[in-house]
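Novice: My structure is below; once you've seen it, I'll send some questions.
The values are calculated or read from the model by the stated rules, or taken from the named source; none is laboratory data. Here the structure is a predicted model, which is why all the values come from computation and not from measurement. Note that we place each Cβ from the backbone using ideal geometry, even for glycine, and neighbour counts take in every protein chain shown. Only protein heavy atoms, including side chains, enter the accessible area calculation; ligands, DNA and RNA are left aside. Shrake-Rupley method; radii C 1.70, N 1.55, O 1.52, S 1.80 Å.
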Amino acid sequence: MQPFRETVACPGFEPRGRPVARTGKRDGPIVDLRTDTAPVGRLEGGGPELTTHRLDNGLEIVVIPDRRVPVVTHMVWYRNGSADDPLGRSGIAHFLEHLMFKGTERHPAGEFSKVVSALGGQENAFTSYDYTAYFQRVAPEHLGRMMEFEADRMSGLNFDDEVVAPERDVVLEERRMRVETDPSAQLSEAMAAALFVHHPYGIPIIGWMHEIETLDRQAALDYYRRFYCPDNAVLVVSGDIEAAEVVRLAEATYGRNAPGRTPPLRERPREPEPRALRQVLVADPKVEQPTLQRLYLAPSVRTAKGRESHALEVLAEILGGGPTSLLYRKLVLDLGKAVNVGGWYMGSAIDDSRFALYGVPAEGVSLGELDALIDRTLAESRDALDDLAIERAKTRLVAETIYSLDSQSSLARIYGSARAIGETLEEVRAWPEQVKEVTRDDLVGVMDSYLTARRSVIGHLVKQDS
């Protein structure tokens, strides 16, 4: 899978509530472990050797050996996110993530966290549009205990109304702090709602304020019973551990959980083909620096045809991937019309996603002028798509996949998120080679198809006179 961005509603490996770049993915052989097996060597050229297994109750297991430090990262990914929230119950996936820390019949609230802390470990969770994940990082000898706790709350979550109301207040305060008092967050939220007129990607992960206020114990339990079952989950363990030992521990813990009564289905509407440019303006006295944002409706890695997703990734790098990008060199360095400009592509998604550009004008430059300059630069960019620029962008993207191998948690995150949205591990490994195959014609094709006015939302953030 390619580098991508996602928004998380709770802290995990990334800052909360902010789109953050993710590194790409690749790597060594994938081994299907049906029973205890002998060690399998690496492919020439390196990369982690992956082992997969599926328990009888449907739980999928991915093991990623990493011997560099005596630590393991244990992650459970559920194939549900905020885009699976029932109509009128926005924020329920994120709210349930909070409630998952409120104890079970076997372990009271706080016990799991106290054990992780006492062992010198780390833990957290996060909710995204397409999945919810929970993780711990501990010494290898404590992996079994982490599995016991996590398997227990997969099936035994237990809380009463006395817990629900205060935790709902926590989420409401979180939204007040991160959205209601932040004009840039309000602009991002309004732009997403304008881009996705029918699909739930246009609804904030944390939920709308008025709907969060109505979330209750029964709504949370109904959602929990619908999605939290082993056959809707992926267990990823990365670190200093043998695959056979991971499977043995998983059988003894997660293996005791019964599968769901019926396979959880994602019931999502399809976004209609956009027909009109939309514009969004947020004016607020707290704004210190005017900013420009653009969103384009674009296919994801799951909905793209052929090499479209890979081409969009390379295009984002060419147009807005840092100080060497086309937009930055033209508008910041050459013309001095902006102090910052860039772009990104959120390809890691189940349904059609977004391609984004952003800019901060230089003093004396209006947002309208910056808009026009971006349009002109995009129109001229076809001539700038020379072979050297394309190869440099592809080299930078593939290099990120190599750097990602240095992080055990990134390895777990890369493969877990891919499986949670339905990508195969083979597709993850093939990503660098597919990026290398992107041609100039591919880039021009996605520009013509997706970077068009009718597929876009333009957002302006300005200071309101007091």
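Novice: Any residue at all in the stretch 106-128 that is of a type in the set (Lys, Arg) and closer than 23 Å to Pro259 by Cα? Don't jump to the end; show me each part of the working.
Specialist: Step one: of the stretch 106-128, the residues of a type in the set (Lys, Arg) are 106, 114.
Applying the additional criterion that residues be closer than 23 Å to Pro259 by Cα yields 106.
Among the residues of the stretch 106-128, at least one is of a type in the set (Lys, Arg) and closer than 23 Å to Pro259 by Cα, which makes the answer yes.
Novice: Also, I was wondering about something else. Exactly one condition in (1) out of contact with any strand residue (DSSP E or B) (no Cβ under 9 Å at 6 or more places or on another chain); (2) over 20 Å from Val301 (Cβ atoms) is false for Lys394; which is it?
Specialist: Condition not satisfied by Lys394: (2).
Condition check ((1) touching a Gly at 6+ places or on another chain (Cβ under 6 Å); (2) closer than 20 Å to Thr452 by Cα) across all residues:
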residue: Pro299; (1), (2): no, yes
residue: Lys305; (1), (2): no, yes
residue: Ala316; (1), (2): yes, yes
residue: Val339; (1), (2): no, no
residue: Gly343; (1), (2): yes, yes
residue: Gly347; (1), (2): no, yes
residue: Asp351; (1), (2): no, yes
residue: Leu357; (1), (2): yes, yes
residue: Leu370; (1), (2): yes, yes
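Novice: For the stretch 114-142, what are the residues that are surrounded by fewer than 19 Cβ atoms within 10 Å (Cβ to Cβ) and assigned to a strand (DSSP E or B)?
Specialist: Gln122, Asn124
Novice: Which is surrounded by fewer than 21 Cβ atoms within 10 Å (Cβ to Cβ), small (Gly, Ala, Ser) and on the phi > 0 side of the Ramachandran plot, of Gly368, Gly364? Explain how you work it out, then say what you get.
Specialist: On the way: Gly368 fails: on the phi > 0 side of the Ramachandran plot.
Matching residue, one of Gly368, Gly364: Gly364.
Novice: Looking only at the stretch 107-123, which residues are farther than 12 Å from Phe149 by Cβ and at pLDDT 95 or above?
Specialist: Ser117, Ala118, Gly120, Gln122
Novice: Ok, one more. Which numbered condition trips up Gly422, out of (1) assigned to a helix (DSSP H, G or I); (2) under 24 Å from Val237 (Cβ atoms); (3) not hydroxyl-bearing (Ser, Thr, Tyr)?
Specialist: Unmet condition: (1).
Novice: Also, I was wondering about something else. Among (1) at pLDDT below 95; (2) open to solvent by 50 Å² or more (accessible area, probe 1.4 Å), there is one condition Gly322 misses while meeting the rest; what is its number?
Specialist: The failed condition is (2).
Novice: I'd like to check something: does the stretch 347-368 contain any residue that is touching a Leu at 6+ places or on another chain (Cβ under 8 Å) and assigned to a helix (DSSP H, G or I)?
Specialist: yes
Novice: Restricting the stretch 426-446 to residues that are crowded, with 19+ Cβ neighbours inside 10 Å and in contact with a helix residue (DSSP H, G or I) (Cβ under 8 Å, 6 or more places away or on another chain), which is farthest from Asp352 (Cα to Cα)? Don't jump to the end; show me each part of the working.
Specialist: Residues of the stretch 426-446 that are crowded, with 19+ Cβ neighbours inside 10 Å, as a first pass: 428-429, 431-432, 435, 438, 442-443, 446.
Among the residues that remain, those that are also in contact with a helix residue (DSSP H, G or I) (Cβ under 8 Å, 6 or more places away or on another chain) are: 428, 431-432, 435, 438, 442-443, 446.
Numbers: Val428: 19, Trp431: 19, Pro432: 22, Val435: 20, Val438: 20, Asp442: 18, Leu443: 18, Val446: 14 Å.
This residue is Pro432.
Novice: Return yes or no: is Asp375 modelled with pLDDT of 95 or more, closer than 18 Å to Tyr328 by Cα and not basic (Lys, Arg)? Outline the logic, then answer.
Specialist: On the way: modelled with pLDDT of 95 or more: yes; closer than 18 Å to Tyr328 by Cα: yes; not basic (Lys, Arg): yes.
Answer is yes for this residue.
Novice: Name the one entry in Gly239, Gly207, Gly260 that is small (Gly, Ala, Ser), within 30 Å of Glu49 (Cα to Cα) and either open to solvent by less than 30 Å² (accessible area, probe 1.4 Å) or modelled with pLDDT of 95 or more (or both). Steps first, answer last, please.
Specialist: Details: Gly207 fails: within 30 Å of Glu49 (Cα to Cα); Gly260 fails: within 30 Å of Glu49 (Cα to Cα).
One residue alone meets the criteria, Gly239.
Listed here are the residues, each with its yes/no results for (1) more than 20 Å from Leu443 (Cα to Cα); (2) modelled with pLDDT of 95 or more; (3) crowded, with 21+ Cβ neighbours inside 10 Å.
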{"position": "Leu312", "(1), (2), (3)": "no, yes, yes"}
{"position": "Tyr328", "(1), (2), (3)": "no, yes, yes"}
{"position": "Val332", "(1), (2), (3)": "yes, yes, no"}
{"position": "Gly336", "(1), (2), (3)": "yes, yes, no"}
{"position": "Asn340", "(1), (2), (3)": "yes, yes, no"}
{"position": "Trp344", "(1), (2), (3)": "no, yes, yes"}
{"position": "Ile350", "(1), (2), (3)": "yes, yes, yes"}
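Novice: Is it the case that Arg168 is closer than 14 Å to His94 by Cα, under 22 Å from the mean Cα position of the chain (by Cα) and part of a helix (DSSP H, G or I)? Quick ask: steps written out before the conclusion?
Specialist: Numbers: closer than 14 Å to His94 by Cα: yes; under 22 Å from the mean Cα position of the chain (by Cα): no; part of a helix (DSSP H, G or I): yes.
Here the answer is no, as Arg168 does not meet what is asked.
Novice: Of everything in the stretch 277-298 that's under 16 Å from Val360 (Cβ atoms), among the β-branched types (Val, Ile, Thr) and not in a loop (DSSP other than H, G, I, E, B), which residue is nearest to the chain's Cα centre (by Cα)?
Specialist: Among residues in the stretch 277-298 that are under 16 Å from Val360 (Cβ atoms), among the β-branched types (Val, Ile, Thr) and not in a loop (DSSP other than H, G, I, E, B), the one nearest to the chain's Cα centre (by Cα) is Thr291.
Novice: Another question, then. Check off (1) in contact with a strand residue (DSSP E or B) (Cβ under 9 Å, 6 or more places away or on another chain); (2) on the phi < 0 side of the Ramachandran plot for Gly120 and give me the number that stays unchecked.
Specialist: Condition not satisfied by Gly120: (2).
Novice: Answer with yes or no whether Arg145 is surrounded by fewer than 21 Cβ atoms within 10 Å (Cβ to Cβ), within 20 Å of Pro200 (Cα to Cα) and at pLDDT 95 or above. Reasoning before the result, please.
Specialist: Details: surrounded by fewer than 21 Cβ atoms within 10 Å (Cβ to Cβ): yes; within 20 Å of Pro200 (Cα to Cα): no; at pLDDT 95 or above: yes.
Considered against the rule, which asks whether it is surrounded by fewer than 21 Cβ atoms within 10 Å (Cβ to Cβ), within 20 Å of Pro200 (Cα to Cα) and at pLDDT 95 or above, Arg145 comes out as no.
Novice: Here's something else I'd like to know. Can we say Thr104 is among the polar types (S, T, N, Q) and open to solvent by 10 Å² or more (accessible area, probe 1.4 Å)?
Specialist: Values: among the polar types (S, T, N, Q): yes; open to solvent by 10 Å² or more (accessible area, probe 1.4 Å): yes.
It is true that Thr104 is among the polar types (S, T, N, Q) and open to solvent by 10 Å² or more (accessible area, probe 1.4 Å).
Novice: Out of Ser409, Ser381, Ser404, which single residue is in contact with a strand residue (DSSP E or B) (Cβ under 8 Å, 6 or more places away or on another chain) and either open to solvent by less than 30 Å² (accessible area, probe 1.4 Å) or within 19 Å of Pro432 (Cβ to Cβ) (or both)?
Specialist: None of the others qualify; the one that does is Ser409.
Novice: Take Val72 and decide whether it is open to solvent by less than 10 Å² (accessible area, probe 1.4 Å), touching a Pro at 6+ places or on another chain (Cβ under 8 Å) and more than 24 Å from Pro204 (Cα to Cα).
Specialist: Details: open to solvent by less than 10 Å² (accessible area, probe 1.4 Å): yes; touching a Pro at 6+ places or on another chain (Cβ under 8 Å): yes; more than 24 Å from Pro204 (Cα to Cα): yes.
Taking the combined requirement at face value, the residue satisfies it.
Novice: Return the total of residues in the stretch 184-204 being open to solvent by 30 Å² or more (accessible area, probe 1.4 Å), in contact (Cβ under 8 Å) with a residue 24 or more places away in the chain and among the aliphatic types (A, V, I, L, M).
Specialist: Summing the residues that are open to solvent by 30 Å² or more (accessible area, probe 1.4 Å), in contact (Cβ under 8 Å) with a residue 24 or more places away in the chain and among the aliphatic types (A, V, I, L, M) in the stretch 184-204 gives 3.
Novice: Quickly run through the stretch 374-391 and pick out the residues that are farther than 22 Å from Ala298 by Cβ and part of a helix (DSSP H, G or I). Please lay out each step first, then the result.
Specialist: Initially, the stretch 374-391 is screened for residues farther than 22 Å from Ala298 by Cβ, giving 383, 386-388, 391.
If the condition is that a residue be farther than 22 Å from Ala298 by Cβ and part of a helix (DSSP H, G or I), then Asp383, Asp387, Leu388, Glu391 are the ones that fit.
Novice: Filter the stretch 447-466 for residues that are of a type in the set (Lys, Arg) and in contact with a Pro (Cβ under 6 Å, 6 or more places away or on another chain); which is surrounded by the fewest Cβ atoms within 10 Å (Cβ to Cβ)?
Specialist: From the stretch 447-466, those of a type in the set (Lys, Arg) are 454-455, 463; that's our starting set.
Keeping just the survivors that are in contact with a Pro (Cβ under 6 Å, 6 or more places away or on another chain) gives 454-455.
Details: Arg454: 12, Arg455: 20.
Residue satisfying both the conditions and the ranking: Arg454.
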